[in-house]
Amino acid sequence: MTAPSATDPLRAALPPDRERRAEGYAIDGVRPAAAFRPASREEVAALLAAATGAGLVVVPQGGRSALTLGRPLQHYDVALDLGGLDRVVHYEPNDLTLTVEAGLTLERLQPRLAERGQYLSVDPPPHDGVTVGGLLATARPGAWRGHLPDARDLVLGVHVAQADGTLARSGGRVVKNVSGYDLHRLHTGALGAYGVIVEASFKLAPLPEATSAAAVRCTQIAQAEAIALDLWRQALAARAITLLGEAAAAAAGLPRAAHVLCEFAGVRAAVERSVEALRSAAANAHAPAAGAVDAEPWRRLRALAAERADGGTEEEMVLRLGVPATALRQSMEAAEQRGYAAWGHVAAGSVLVHGTASAAAAGELRALAAGYGGFLQVEAGPAWLRASVDPFGLGERELVRSLKAQFDPTGTINRGRWMEDV
Amino acid sequence: MLTNALATVVRELQSALGKRHVLWAPEDMLGYEYDATIDRARPDAVAFPANAEEVAAVVRITRRHDVPVVPRGSGTGLAGGALAARGGVLCVLTRMNRILELDPANRVAVVEPGVINLALQDAAAAHGLLYAPDPSSQRICTLGGNIATNAGGPHTLAHGSTVNHVLGLEVVLPDGRITWLGGRQLDAPGPDLRGLFVGSEGTLGIVTKICVRLVPVQAAVRTMLADFESVEAASEAVSAVIRRGVIPVALEMMDHEIIAAVEHVLHIGYPLDAGAVLLIEVEGLRESVEADAAQVVAACREQGAREVRVAESEAERARLWEGRKAGIGAIGTVTPNFYLLDGVVPRTRLPEVMRGVAELTARYGFRVANIFHAGDGNLHPNIMFDELQPGATAKVLELGGEIMRLCVDAGGSITGEHGVGQEKRSYMEWIFGPEDLRAMERVRLGFGASELFNPCKILPTGHGCGQAHAADARRHLATPGVYL
């Protein structure tokens with residue numbers, strides 16, 4: 001733990017009322033030496049400059065819902081709470097574009113957009129308490145991914161506070177733009193490695209006229225797969241087609257059996273036809289008729305897909321596999337055989353696995369995913385697991401490292417979260 | 001005449017690629033000194049590698065001898081991105097033109113960079129699938145070039161640009177190392193190096209394999225032609241459509257100059273007395289297409305459309321698009337030269353910006369023809385002129401700069417889909433500050449790109465680019481046949 005005086009340069013760099021009690025900012029049980037909640041992007045930049053000067057490690061955080069994504073921190077001196085940056089900077093409903101500060105949460109943003117019949121078409125785990133900055137920095141897909149463009153597709157530009165205390169931006173507010181390098185894409189999924197996102201611009205979508213969700217209870221996962229792939233191949237108003245194993249169904253509040261869970265969204269006639277198509281697909285696969293469901297199973301699955309802080313225990317893990325749609329079932333079965341709850345989003349090609357933390361199981365499932373040309377990421381888990389299993393399994397490590405050396409040579413931001421000293 | 005260093009480079013390239021796959025005779029270089037824009041720069045040698053290992057060999061040989069290397073596909077770029085600004089070796093990827101894999105069940109294809117955009121479209125269509133990005137040069141442009149520029153096209157409005165359809169890339173980095181960015185699945189872990197690389201205009205590496213996502217061909221489509229008194233009225237209608245929450249798959253504008261030129265050549269049946277027409281296409285599920293088409297018609301009528309014609313058959317639809325696709329070429333039949341610009345503005349600002357474009361071109365004494373992706377706010381004014389008139393070229397370039405300034409002042413950008421390349425480097429400072437540009441420089445350094453790796457592109461600074469600046473002043477302007 002850093003001596004209290006080491007953080008004095010940060011206090012000097014910010015107005016006095018920006019400091020917060022460090023107790024509320026523990027990660028993996030480790031408390032930082034100090035915590036600050038700046039009120040502007042300039043203050044974020046000033047804090048980073050002071051931290052870099054003092055050789056301190058800063059951990060940016062918004063909704064605090066992805067803090068166990070990545071390797072356990074070796075150093076944690078300063079918590080940077082971005083909740084103070086929560087303004088809507090520019091909203092142009094007639095252009096379907098939006099610019100917001102990074103600390104604004106989706107649960108506060110979406111109702112404002114809904115007033116104009118619009119939304120940001122994302123459903124990230126674990127819930128809409130995710131901030132816009134966190135949404136981009138973690139870039140974790142939800143059930144809508146593949147049916148709708150995701151945050152990484154919708155981002156038009158960002159402003160970033162860099163480790164040396166400078167502010168830089170890329171992209172813009174227009175919906176089509178190829179001027180210069182798309183640094184907003186580099187920062188997407190980077191967990192702040194190259195700078196702290198302080199503002200972002202997005203393309204928006206019109207809210208669908210109607211939505212409807214339904215579940216089909218199946219005798220086995222193969223039956224659920226047949227229905228899901230059948231639906232995916234049809235021209236329907238699907239916003240999510242999810243396969244659930246028995247344990248995952250139970251966790252989602254459904255009967256303990258394999259299920260297909262579908263959400264349809266669009267014009268009313270199309271949604272109604274899609275629900276009919278689901279009924280026919282179920283009948284063709286000799287499954288019972290689809291039953292309408294509300295949003296509750298989705299809410300539970302989202303929450304389960306990310307963060308132990310939301311009610312999980314210390315010894316649980318969440319894994320995300322990226323595999324081809326046609327390998328979804330085999331991947332889920334492999335996880336279930338090992339005693340895990342598993343569910344998969346067909347269009348995203350993603351399988352989520354939840355259960356008791358095990359380095360061996362994570363390693364085996366990573367090998368399985370690799371066999372399909374895919375990947376495995378540890379989404380959440382205890383520190384010991386994230387220390388013994390590389391949470392990311394990056395194919396290209398050298399560029400991640402050499403870019404870090406350019407943007408944050410002293411490792412001020414989130415040092416060690418990607419790999420040792422990066 | 002080759003210097004000693006270059007002669008050595010050519011010998012080494014010949015031994016790595018085979019003698020017939022390296023050109024260096026001065027007369028052979030003439031075909032490689034241009035792309036589809038107005039600059040010229042002659043390479044010293046041209047290499048045609050057949051695979052990633054050979055591309056890596058080209059990169060390593062040029063690096064070892066401190067010779068510039070520049071990647072190139074079909075040469076249809078519109079920003080000078082594939083020009084050998086400081087000479088050296090052009091690495092042409094057109095031999096790498098195989099579709100390596102097409103997996104319809106998982107909607108994924110893996111291709112080499114020299115594959116023509118339309119060839120992939122055709123291969124995908126055989127399975128009821130679509131590779132969505134469709135630049136107007138799709139009959140000739142390569143997918144490697146599409147990656148470099150993050151190419152768009154008329155259907156970008158609904159489907160997104162190239163970056164939204166690329167899953168992973170095999171690339172040769174500036175030090176000759178071969179690696180993958182992204183992969184075969186969506187949302188691979190890590191900083192989005194795949195997304196950063198797409199649109200980097202061949203300055204961070206050379207792509208050797210591309211894994212793309214295919215989408216199903218939509219169930220229904222409706223194509224409309226709306227006829228307006230003026231460009232301004234048509235621009236207002238663009239906003240009106242978007243405001244109603246309808247995202248057409250394409251929303252294209254053609255002004256009276258384009259209509260006249262197209263009708264002169266093709267007789268599509270566009271209204272000759274219109275100030276502008278909008279070609280609007282909606283697609284999707286059959287229920288939503290009907291609803292969207294009704295909204296489009298209502299929005300156009302509300303903005304004073306004289307007529308909204310709905311294509312009644314596939315043949316009529318194809319005919320309407322034929323005129324749009326031939327539009328740029330048709331300009332060449334009514335003017336000795338034209339300068340094609342690429343700017344982008346927020347859609348709500350289109351009416352005032354289009355008014356500004358008209359006023360500026362009139363003040364400079366030129367005629368302008370507008371044909372562009374209005375739904376994205378992506379302008380393409382074509383300034384018509386005659387380069388034989390003394391001083392005309394310089395005046396056109398100055399006007400081009402003023403129009404770009406108009407876009408920037410409206411909250412827009414200096415390029416929507418063609419790229420910065422060599423042509424627009426000097427405009428970068430209009431939209432980015434020193435720290436923004438410094439961050440871009442850091443990306444280049446992080447990728448290990450020396451100043452000889454596709455030099456004098458994107459960033460406004462660079463040693464040894466003075467020659468390119470000098471060339472700016474005396475460049476020849478476009479001949480007919482420019483692609484968009």
Ratio of Rg to Rh for the range B:220-329, alpha carbon only, Kirkwood? 0.95
What figure, in Å² to the nearest 10, do you get for the accessible area of B:ASP436 with a 1.4 Å probe and non-protein molecules left out? 10
Relative contact order for chain B, counting Cα pairs under 8 Å that sit 6 or more residues apart, in percent: 17
Counting alpha carbon pairs within less than 8 Å and at least 6 residues apart, what relative contact order, in whole percent, applies to the range B:220-329? 44
Given the options A:VAL178, B:GLY153, A:ILE197, identify the residue whose Cα lies farthest towards the positive end of the charge dipole of the protein assembly as shown (+1 on Cβ of Lys, Arg; -1 on Cβ of Asp, Glu). A:ILE197
Contour minus end-to-end for B:ALA25 and B:ARG64, with contour as 0.36 nm per residue of separation and end-to-end as the Cα-Cα distance? 11.8 nm
Which cross-chain or sequence-distant (5 or more) residues have an amide H under 5 Å from the amide H of B:GLY168, H modelled 1.01 Å from N in plane? B:GLY183, B:CYS211
Once all protein chains are kept in place, A:ILE27 shows an accessible area at probe 1.4 Å, nearest 10 Å², of 10
For a label point 7 Å from the Cα of B:ARG355 along Cα→C-beta, name the residues of the range B:232-272 whose backbone N is under 19 Å from it. B:232-241, B:255-256
With -39,500 (n - 2.57) per DSSP H segment of 4 or more residues and division by the full residue count of the protein assembly as shown, the 222 nm estimate, nearest 500 deg cm²/dmol, is -10000 deg cm²/dmol
Going residue by residue through the range A:47-55, the Karplus relation 6.51 cos²θ - 1.76 cosθ + 1.60 with θ = phi - 60° gives ³J(HN,Hα) values, rounded to whole Hz and with x marking Gly or Pro, of 5, 5, 4, 5, 5, 4, x, 8, x
Give me the 1.4 Å probe accessible area per residue for the protein assembly as shown, excluding ligands and nucleic acids, in Å². 33
At 7 Å along Cα-to-Cβ for each site, give me the label-to-label distance between A:ARG87 and B:GLU402 in nm. 3.6
Go through the range A:5-20 residue by residue and turn each phi into a ³J(HN,Hα) via Karplus (6.51, -1.76, 1.60, θ = phi - 60°); whole Hz please, and just put x for glycine and proline. 5, 4, 8, 4, x, 6, 4, 5, 7, 10, x, x, 8, 8, 7, 10
Cα centroid separation, the range B:106-165 to the range A:4-52 (Å): 47
Nearest 20 debye, what's the magnitude of the dipole of the range B:268-389 about its Cα centre given +1 on Lys and Arg Cβ and -1 on Asp and Glu Cβ? 340
If you wrap a convex hull around the C-alpha atoms of the protein assembly as shown and split its volume per residue, what is the figure in Å³? 153
Can you compute 3J(HN,Hα) from phi for each residue in the range A:61-78, using the Karplus curve 6.51 cos²θ - 1.76 cosθ + 1.60 with θ = phi - 60°, rounded to whole Hz and x for Gly and Pro? 8, x, x, 6, 10, 9, 7, 9, 8, x, 5, x, 6, 7, 10, 8, 8, 9
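Write out the GluC sites (Glu not before Pro) in the range B:237-340 meeting two conditions: DSSP loop, and at most 14 other Cβ atoms within 10 Å of their Cβ.
Counting only loop positions with at most 14 other Cβ atoms within 10 Å, the GluC sites (Glu not before Pro) in the range B:237-340 are B:GLU312.
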Just how large is the dipole of the protein assembly as shown about the Cα centre, in debye to the nearest 20, putting +1 at every Lys and Arg Cβ and -1 at every Asp and Glu Cβ? 1160
Neighbours of A:GLY395 by Cβ distance under 15 Å: Lys/Arg at +1, Asp/Glu at -1, summed charge +1
Accessible surface of B:SER200 in the full protein assembly, 1.4 angstrom probe, to the nearest 10 Å²? 0
Gain in span if fully extended, A:GLN337 to A:ARG116, counting 0.36 nm per residue against the direct Cα distance: 74.8 nm
R0 of 56 Å, Cβ-Cβ distance A:GLU398-A:GLU107: FRET efficiency to nearest 0.05: 0.90
Sort A:LEU186, B:LEU397 by heavy-atom solvent-accessible area, probe 1.4 angstrom, most to least. B:LEU397, A:LEU186
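What quantity of accessible surface, computed with a 1.4 Å probe and excluding non-protein components, is buried in total between chains B and A, in Å² to the nearest 100?
Chains B and A together bury approximately 6100 Å².
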Semi-axes a, b, c in Å (a largest) for chain B, each sqrt of 5 times a Cα gyration tensor eigenvalue, come to 37, 27, 20
Keeping the other protein chains in place, figure out the carbon and sulfur percent of the accessible area of the protein assembly as shown, with a 1.4 Å probe. 50
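The values are calculated or read from the model by the stated rules, or taken from the named source; none is laboratory data. Fair warning: this is a prediction, and the values are worked out from it, not measured in the lab. Note that each Cβ is placed from the backbone with ideal geometry, even for glycine, and that neighbours are counted across all protein chains shown. Note: areas computed on protein heavy atoms with side chains; ligands, DNA, RNA excluded. Shrake-Rupley method; radii C 1.70, N 1.55, O 1.52, S 1.80 Å.
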